[in-house]
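The structure under discussion appears below in the form of structure tokens.
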Amino acid sequence: MASQRLRQFIENCEPFGGKAAPNAFALAYPLTRGLCFPLLAGAYILKRRILYPTPGPWIDCGMAFKSATTIRQYPGFTHTAGQGYQYTVAVTDGNGYISQHYEPVRVDFDGEGDLITPALPVWPLDMRAVAIVDGAFTVYWIYDPYGQGAAPADFAVYEGGDVESIDYESPLGTVDYSVNVRGYSYDTDGYDDGTAHAFAVRARNSEGVEEQNIYTTSVVIARATGPADGSIRAITPTERIYADRPG
């Protein structure tokens, strides 16, 4: 037991009064410089991050004793109209060690500051576009539901001559969401040969409200003709014989 307490002291104390780690701060270690563990009963540590224009870092924003049924964020952590947030929580037993964080919960607010319902999905991942025949493109993306507010109803695909000029007011088309399907694709109409294009994909809830991610594909060039046909050749394996190979 003594060796365990010593290890906890070494890992959690702030001997030179430096800036404490976030979980140490939430546990009030700066008050004791790590000389004791003030929240022996443990606590819930609340974190959040903003989602726009791109997801920000996780920041400690609240704490509650383990006997509590509600966790409230600190007074300074208000919500901004037109912004989205993810919240997560971890548990500590008051010994200086913190658990893994739970799956985030997403909340979004419209331009008037009202909560958007149904909740919004998360953003599509790994978007890319590939030029195919007749000036068309196939746009690919992945959807991972981890941290979503709710599952999407569908995805809207957008296009522009470059990343800055993507038209988010007029989608090229939509692709329905399917439970347990990760990979999706959309085939565009044809464009003029040699013209440049960039694409974006946003997930939408059942009311047609979309999350506002700004991730895009790289700029790709339309081509009138597709790549040359591939060919398959048979290969016969052979054995190399070495004259001085040991018997």
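Condition first: out of contact with any Gly (no Cβ under 7 Å at 6 or more places or on another chain), assigned to a loop (DSSP other than H, G, I, E, B) and over 25 Å from SER206 (Cα atoms). Now tell me which residues in the stretch 78-116 satisfy that. THR78, ASN95, GLY96, TYR97, SER99, GLN100, HIS101, TYR102 - these are the residues of the stretch 78-116 that are out of contact with any Gly (no Cβ under 7 Å at 6 or more places or on another chain), assigned to a loop (DSSP other than H, G, I, E, B) and over 25 Å from SER206 (Cα atoms). Considered as a group, the residues in the stretch 172-210 that are in contact with a Pro (Cβ under 6 Å, 6 or more places away or on another chain) and surrounded by fewer than 19 Cβ atoms within 10 Å (Cβ to Cβ) include one that is farthest from MET127 (Cα to Cα), and that residue is SER206.
Picking from residues in the stretch 119-139 that are of a type outside the set (A, V, I, L, M) and in a strand (DSSP E or B), the one that is surrounded by the most Cβ atoms within 10 Å (Cβ to Cβ) is PHE137.
Checked against (1) touching a strand residue (DSSP E or B) at 6+ places or on another chain (Cβ under 7 Å); (2) on the phi < 0 side of the Ramachandran plot, ASP114 passes all but condition (1). Summed over the stretch 42-71, the residues that are more than 20 Å from the chain's Cα centre (by Cα) and free of Cβ contacts under 8 Å to residues at least 40 places away in the same chain give a count of 10.
When residues in the stretch 59-73 are screened for being at pLDDT 85 or above, in a loop (DSSP other than H, G, I, E, B) and surrounded by 12 or more Cβ atoms within 10 Å (Cβ to Cβ), 2 of them pass. Could you please let me know if SER206 is part of a strand (DSSP E or B) and either of a type in the set (Gly, Ala, Ser) or at positive phi (or both)? The answer is no for SER206. Of note, ALA150 satisfies the criterion of being surrounded by fewer than 18 Cβ atoms within 10 Å (Cβ to Cβ), of a type in the set (A, V, I, L, M), closer than 29 Å to VAL105 by Cα and in contact with a Leu (Cβ under 9 Å, 6 or more places away or on another chain).
Taking the condition in a strand (DSSP E or B), in contact (Cβ under 8 Å) with a residue 40 or more places away in the chain and not basic (Lys, Arg), does ALA150 pass?
No.
Scanning the stretch 43-58 for residues that are at pLDDT 95 or above and touching a Gly at 6+ places or on another chain (Cβ under 8 Å), we see that the one that is nearest to ILE214 (Cα to Cα) is TYR52.
Here GLY226 fulfils each of the conditions (1) at pLDDT below 95; (2) in a strand (DSSP E or B) apart from (2).
The values are calculated or read from the model by the stated rules, or taken from the named source; none is laboratory data. Computed from a predicted structure; not experimentally measured. With ideal geometry, Cβ positions are generated from the backbone for all residues, glycine too; neighbour counts draw on all protein chains shown.
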